[in-house]
Amino acid sequence: MEEMRPSSGPQAFPSIFPPGLHAIYGECRRLYPEQPNPLQVTAIVKYWLGGPDPLDYVSMYRSLGNSSLGVPEHWHYVSFGLSDLYGDNRVHEYTGVDGPSGFGFELSFRLKREPEESAPPTWPAELMQGLARYVFQSENTFCSGDHVSWHSPLDNSESRIQHMLLTEDPQMQPVQTPFGVVSFLQIVGVCTEELHAAQQWNGQGILELLRTVPLAGGPWLITDMRRGETIFEIDPHLQQERVDKGIETEGSNLSGVSAKCAWDDLSRPPEDEEDSRSICIGTQPRRLSGKDTEQIREALRRGLEINSKPILPPISMQRQNGMNHDRAPGRLLHGRHFTYKSITGDTAITFVSTGVEGAFATEEHPYAAHGPWLQILLTEELVERMLEDLEDLSSPEEMKLPKEYSWPEKKLKISILPDVVFDNPLQ
């Protein structure tokens, strides 16, 4: 349960006011000096006492916007609880002043104020609690540019705004607290078509487009739940001139999806029980390096982990079954990598291209495995062939499963099976 009340300022409790909370309040007071006691949604039973809501508070401010920039009046919501407010290990492990505080961020949200509204709607606070529950239960943090597939109007209305992108709050600056640094990630409500464009290209590109369209967000990315048109309906040129061109020149920023998947080395004699998941690659595998290392690690750690009890619809790269051939080879043609991570275990299959520095699959040994993780090196020529051969995957609803694709000279076979096959281990 939650209650709404004006917040009490830190002056009332100078000796016991939690230092992390005090630091974030300071940034809020910098923006809203005339609103020292905003309305707050408060978790009645705090999370560390067994309550269901990880956010202790969500403060709600009335922003006048900026008429010279074309920013409308709106409600500005700020969360308290994803960062370490207390520093006494009751919620977050205290890790010192130099690193991130708690998860290192708080959420914000800007909702266009309707003329008839004299007080802020409280549903955004519950939305933020939902995202916070996901972070706490999965320990997957959010980053600027991430997308959240929600598949439902954010306010439970009939709105087209049914998904979210995340970006830096345009006004709130990172705060140094005694328990580490806190940055502010703003939730931006988007339509399904805009989410799909972010998945096919990248979140930052779509956020930049939203900033240039006043009706769809404008420079401060204000969410308007009554918006009836996507940015592509408002400006039809954006799809072709910006999104399609961005995908063509940059590829997709999506570095993996979760799927029901498995792999096996069919060249190994069936009686060889030593290690059915290990492929000899001839030389000691080199360590992955630089940006690609971080991308693969992040894809496997943050974007692809599936909580055993998911409390949200798919987030970022989650729970997409089947082969996203339009994205995977598209990334590979731009010298990147793409991972399929099993939603039922540790199995992972990463396709890498010759442009990925330090991958342990090489042209000499294109198949390399570490335990349940398989890397497959695809040359540009093979990617082009696969794109042609996998063309019918663009219409999955018309495809009859099982379906098998084979490239014998590459010793590679891909089978696409109905979900039910994965309910039992592969024989």
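Select, from S144, S159, the only residue that is within 15 Å of G228 (Cα to Cα) and small (G, A, S).
Just one listed residue meets the conditions, S159.
On the basis of being at pLDDT 90 or above, surrounded by 20 or more Cβ atoms within 10 Å (Cβ to Cβ) and of a type outside the set (F, W, Y), does H22 make the cut?
no
Listed residues P402, P425; which is modelled with pLDDT under 85 and either open to solvent by 100 Å² or more (accessible area, probe 1.4 Å) or closer than 23 Å to V352 by Cβ (or both)?
After applying the criteria, what remains is P425.
So for region 236-247 (the condition being more than 30 Å from Y86 (Cβ to Cβ), surrounded by 15 or more Cβ atoms within 10 Å (Cβ to Cβ) and among the acidic types (D, E)), does at least one residue qualify?
No, because not a single residue in region 236-247 is more than 30 Å from Y86 (Cβ to Cβ), surrounded by 15 or more Cβ atoms within 10 Å (Cβ to Cβ) and among the acidic types (D, E).
Only one of these is of a type in the set (G, A, S), closer than 30 Å to S101 by Cβ and in contact (Cβ under 8 Å) with a residue 24 or more places away in the chain: G203, G228. Name it.
G203
Kindly provide the set of residues from region 178-209 that are of a type in the set (V, I, T), closer than 13 Å to A23 by Cα and either surrounded by fewer than 23 Cβ atoms within 10 Å (Cβ to Cβ) or within 13 Å of the chain's Cα centre (by Cα) (or both), ordered by number.
Answer for region 178-209, where residues must be of a type in the set (V, I, T), closer than 13 Å to A23 by Cα and either surrounded by fewer than 23 Cβ atoms within 10 Å (Cβ to Cβ) or within 13 Å of the chain's Cα centre (by Cα) (or both): just V181.
Filter region 42-61 down to residues that are surrounded by fewer than 14 Cβ atoms within 10 Å (Cβ to Cβ) and out of contact with any Pro (no Cβ under 9 Å at 6 or more places or on another chain), then give me how many there are.
Looking only at that region, the number is 4.
Restricting the first residue to region 150-179 and requiring it to be over 17 Å from L207 (Cβ atoms), which pairs with a second residue that is crowded, with 22+ Cβ neighbours inside 10 Å and charged (D, E, K, R) meet a Cβ separation below 7 Å and a spacing of at least six or different chains?
Taking only residues 6 or more apart or on different chains, the pairs are F179/D84.
Hey, among L111, L107, L64, L85, which residue is modelled with pLDDT of 95 or more, loosely packed, with under 13 Cβ neighbours inside 10 Å and either out of contact with any Lys or Arg (no Cβ under 7 Å at 6 or more places or on another chain) or not basic (K, R) (or both)?
Answer to the check: L64.
Could you list, in sequence order, all residues of region 112-152 that are in a strand (DSSP E or B) and in contact with a Pro (Cβ under 6 Å, 6 or more places away or on another chain)?
Those that are in a strand (DSSP E or B) and in contact with a Pro (Cβ under 6 Å, 6 or more places away or on another chain): K112, S149.
Being within 17 Å of the chain's Cα centre (by Cα) and within 15 Å of E126 (Cβ to Cβ) is the filter here; which residues of region 155-174 pass it?
The one that is within 17 Å of the chain's Cα centre (by Cα) and within 15 Å of E126 (Cβ to Cβ): M164.
Just name the residue that is modelled with the highest pLDDT out of those in region 210-232 that are surrounded by fewer than 21 Cβ atoms within 10 Å (Cβ to Cβ) and of a type in the set (A, V, I, L, M).
Going through the qualifying residues, I end up with M225.
The values are calculated or read from the model by the stated rules, or taken from the named source; none is laboratory data. Everything quoted here is computed from the prediction, not taken from an experiment. Because the Cβ atoms are built from the backbone with ideal geometry, glycine has one as well, and the counts that use them run over all protein chains shown. Accessible surface areas use protein heavy atoms only, side chains included; no ligands, DNA or RNA. Shrake-Rupley method; radii C 1.70, N 1.55, O 1.52, S 1.80 Å.
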